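The values are calculated or read from the model by the stated rules, or taken from the named source; none is laboratory data. In this text the structure is predicted, and so the values were computed from the model without any measurement. Reconstructed Cβ throughout: ideal geometry from the backbone, glycine too, with neighbour counts over all protein chains shown.
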Amino acid sequence: MSLQTDPQGRLRHLLALEGLPRATLEHLLDRAQALAGHAHGGSAMRGVLAGKAVCTLFFEPSTRTRSSFQLAAARLGADTLNFDASTSSAKKGETDADTLRTIEAMGVHGFVVRHPDDGAVDALARVARPGTVLVNAGDGRHAHPTQGLLDMLTLRQAKGADFSRLKVLIVGDVKHSRVARSDLHALRTLGCGEIRICGPWSLLPGPAVLAGCTVTTDFDAALDGVDAVMMLRLQRERMESGLVSSLQDYHRDYGLTVARLRQAAPDAVVMHPGPMNRGVEIADDVADGPQSLVLRQVANGVAVRMAVLEALLG
Amino acid sequence: MSLQTDPQGRLRHLLALEGLPRATLEHLLDRAQALAGHAHGGSAMRGVLAGKAVCTLFFEPSTRTRSSFQLAAARLGADTLNFDASTSSAKKGETDADTLRTIEAMGVHGFVVRHPDDGAVDALARVARPGTVLVNAGDGRHAHPTQGLLDMLTLRQAKGADFSRLKVLIVGDVKHSRVARSDLHALRTLGCGEIRICGPWSLLPGPAVLAGCTVTTDFDAALDGVDAVMMLRLQRERMESGLVSSLQDYHRDYGLTVARLRQAAPDAVVMHPGPMNRGVEIADDVADGPQSLVLRQVANGVAVRMAVLEALLG
Amino acid sequence: MSLQTDPQGRLRHLLALEGLPRATLEHLLDRAQALAGHAHGGSAMRGVLAGKAVCTLFFEPSTRTRSSFQLAAARLGADTLNFDASTSSAKKGETDADTLRTIEAMGVHGFVVRHPDDGAVDALARVARPGTVLVNAGDGRHAHPTQGLLDMLTLRQAKGADFSRLKVLIVGDVKHSRVARSDLHALRTLGCGEIRICGPWSLLPGPAVLAGCTVTTDFDAALDGVDAVMMLRLQRERMESGLVSSLQDYHRDYGLTVARLRQAAPDAVVMHPGPMNRGVEIADDVADGPQSLVLRQVANGVAVRMAVLEALLG
């Protein structure tokens, strides 16, 4: 992890939660918790990044994640530059590294990068100038560390800081999910008592990803007594590529309904990274029900991204 | 109108001009008039929305209207977030309500919403959190209240505050026009002396919309002695769907030329919401002539939007 | 040049470097040099354009140039409005002049305009209101004055202010290049000792453009003893239209390699306006080598644009 931390163990970039020391992860969560109260306005934090520029450099479009980072940066007083590198006009055959170096040369020190390819943000961090800071906003199926952090913050607010007593279930397309990978690393680092994984075989990853998890294709069995259910979005492309037979079948087998949720602990919480496919992986009355923390996750996302930008650039 | 105003009659959202009390409407116009002097720069108003975020949430693209709101918000010191919900990547099957709630959860309290469907902004106002404020920036053919307000401000500057002596003519595709509907409600509320409506039968709406108006398909007759001519944009889709035979025919019958304008009162003013189809609904020498208030309308648009954002969020 | 300067010789717009007095050009370079130290952050310059709005009005997409101007404007404290006039939804048949006038009417005084057509920015300057300021960010193959200025600043930093001793070579698709035209005007104005032009006949412009230059199709001969090599980007469209047989052939004949560069003066510098086609007009080890000033050009671009905006709007 020398790419992500300096020799003194300080964070230089946020590329992945894998290998991030527990103290670093918990410090970011503590800071995000403190910032959550400031996240919705006010000018107290405007000086933190005043005069600095943060570029959202997206090689794959994502309006939601970009907006969350943009608001976080604005609340810290940064100038934000949205650079859409996914359109052909922006790229014109330029390498990703040249795109990064060009914006660096314009005097931008902070980059929030989304990329369709696994490891692409690490590769950019390797060619960045000293002093340039990268935050991975999702690369391929590899990592989405700020999503992992905001999920942990949300869990901690609901269930307390001692994760050793928690049973957490992750459901759905774990195979293609950078969210699941980042959540798994964070849950392990925080000492989660039991991690269960559930989905159809066609959407489960190999054993390396699942190390230490209880794995099943039976959603009802998996739900038994869990404290938190983390639902994943089903990309419609999975149907087109034949990994899932139909949305109806998927909902029948892996859709979270109120009836199913009764098998979890009575105070179990439900999470989803959004955007939700209502009626597919999650039923309306669960999404909008009292156990849903979906909007709390979104709110925590801004606080977590403020904490990360502050730690790296402040 | 309980959706739009609170029990004390204060404005909570701006969804439509229909039903808005005359005092509220005139107060907004007075405030916009006062702000018009500040609208083009300076920092006097920067504190009004400092630290607050305004999201332009557009389910249908519109660069002009978005820019006008964006400048208005910036001049009040707000952070602005442009969220383009019209591209498939942004939506990914998410419901409109979930999109709104997600950005709300990020700590955004002000929304400027454009939508292709009638009533869609009202529907979003119904699911918004208490404290969230929505401004309708145009929904289907239903309403475009800030356009109505800026048209009234422009008329008032030109003709004085007493509308009872005014004869106002609205010309063109009234059937599909949210601008015309908002203008009609505002003109009635302000006690306009006579409202005339003119256009081909195929582009005139039903009697409910036209209540109290003098309706004709004869443009020359309609122009006689009017104090203001409000031209509407002819969407090119009307040709494709057969409602208009050709641009040439439309111009011959319903295009405003200098010769035709002579039938109006000598000091009649000409308005158009833009963008103009020169040579179709309006001739160059009218668009650029001394009676045209087209650019004054645009300038007033920023002032009106500042007044609305200040009233709702300040 | 009365369009560009007022009767007192002060700059009103920046439309082209052609005809710009040497004193004006050098003053802009001096100011950009002074600003270069401030260009990467800090708040010292934030008051220069505080409360003013700068619109990037792009009739042709260009993320890099737009970003450079956007950062320059932000560092001077301006509000920036990005208006993408290249999408059909933005235009809706509106004339370019009406688009400009509409944004002017919103209270925007500064415009950074890119356009696919030669002379289009001059045409807009002719219809702009007094007090409105236009910066040409590239129009057709006509001019790209801020690129010319940043190239001169970069050359001056490397080689000193006395251009009379310099041999400068411009290589590639000069015919279609607004960058080359602006560089040529600036080099002549600054009294460059020798200007050489090299490229295949199919990509060389007519004699009017090349006045005073040494012209050759032999790259190796052209390189002999030059102090600076300015490479131009090869647009892939040139292949499709048959002006270039293949990328491989082009690289063999006109690609700058380390071996070729040895024919230039030992301390020769290499420049490229970006984005680079690595392996086509420039080899990796030249692009990333010690003689390359490519990223310095990008950095200088922000400083030059700050100087231009300050001179016109400050």
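Quick notes on this structure:
- Meets criteria (surrounded by fewer than 23 Cβ atoms within 10 Å (Cβ to Cβ) and in a loop (DSSP other than H, G, I, E, B)) for C:A264: yes
- Applying the criterion of being at the interface with another protein chain (Cβ under 8 Å from one of its Cβ atoms) and not in a helix (DSSP H, G or I) to the residues of segment C:96-113, the residue that is nearest to the chain's Cα centre (by Cα) is C:H109.
Conditions (1) surrounded by 23 or more Cβ atoms within 10 Å (Cβ to Cβ); (2) part of a helix (DSSP H, G or I), marked per residue:
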site	(1), (2)
C:G131	no, no
C:T146	yes, yes
C:L149	yes, yes
C:S164	no, yes
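- Checking each residue in segment C:114-129 for being within 14 Å of another protein chain (Cβ to nearest Cβ) and not basic (K, R) picks out C:P116, C:V127, C:A128.
- Of all the residues in segment A:46-68, those that are facing another protein chain (nearest Cβ under 10 Å), in a helix (DSSP H, G or I) and in contact (Cβ under 8 Å) with a residue 12 or more places away in the chain number 3.
- Odd one out for C:V226, checked against (1) modelled with pLDDT of 95 or more; (2) part of a helix (DSSP H, G or I): (2)
- Segment C:20-79, subset within 22 Å of C:Q297 (Cβ to Cβ) and of a type in the set (K, R), residue surrounded by the fewest Cβ atoms within 10 Å (Cβ to Cβ): C:R22
- In the set (1) out of contact with any strand residue (DSSP E or B) (no Cβ under 8 Å at 6 or more places or on another chain); (2) in a helix (DSSP H, G or I), the condition left unmet by A:G274 is number (2).
- For A:L81, the test of being part of a helix (DSSP H, G or I) and in the same structural domain as A:R129 (by TED's automatic domain parsing) is failed.
- Residue check for B:L71: modelled with pLDDT of 95 or more and either touching a Gly at 6+ places or on another chain (Cβ under 9 Å) or more than 8 Å from chain A (Cβ to nearest Cβ) (or both): yes
- Qualifying residue in segment C:16-39 (condition: closer than 25 Å to C:L124 by Cβ, assigned to a loop (DSSP other than H, G, I, E, B) and in contact with a strand residue (DSSP E or B) (Cβ under 6 Å, 6 or more places away or on another chain)): yes
- Residues in segment C:5-15 that are outside any loop (DSSP other than H, G, I, E, B) and without any contact (Cβ under 8 Å) to a residue 24 or more places away in the chain: C:T5 only.
- Among the residues of segment C:79-95, the ones that are more than 10 Å from chain B (Cβ to nearest Cβ) and modelled with pLDDT of 95 or more come to 0 in all.
- Any chance C:L149 is over 16 Å from the mean Cα position of the chain (by Cα) and either more than 14 Å from chain B (Cβ to nearest Cβ) or at pLDDT below 95 (or both): no
- Checked against the criterion of being closer than 30 Å to A:T87 by Cβ and among the small types (G, A, S), the candidates C:A23, C:A53 yield just one match: C:A53.
- Checklist (1) farther than 21 Å from A:D151 by Cα; (2) touching a helix residue (DSSP H, G or I) at 6+ places or on another chain (Cβ under 6 Å); (3) crowded, with 22+ Cβ neighbours inside 10 Å applied to A:V258, failing item: (3)
- For A:Q235, the requirement of being modelled with pLDDT of 95 or more and within 11 Å of chain B (Cβ to nearest Cβ) is not met.
- The residue list B:A180, B:A143, B:A158, B:A186 contains one member that is over 11 Å from the mean Cα position of the chain (by Cα) and in contact (Cβ under 8 Å) with a residue 12 or more places away in the chain, which is B:A158.
- Some residue of segment A:233-244 being buried (at least 23 other Cβ atoms within 10 Å of the Cβ) and in a helix (DSSP H, G or I): no
- Out of C:A299, C:A307, C:A264, C:A311, sole residue that is within 10 Å of chain A (Cβ to nearest Cβ), touching a helix residue (DSSP H, G or I) at 6+ places or on another chain (Cβ under 7 Å) and either among the aliphatic types (A, V, I, L, M) or closer than 25 Å to A:D96 by Cα (or both): C:A299
- Looking across B:L169, B:L184, one residue alone is assigned to a helix (DSSP H, G or I) and surrounded by 24 or more Cβ atoms within 10 Å (Cβ to Cβ). It is B:L184.
- Residues of segment B:106-158 that are among the charged types (D, E, K, R) and under 21 Å from B:D79 (Cβ atoms): B:R114, B:R129.
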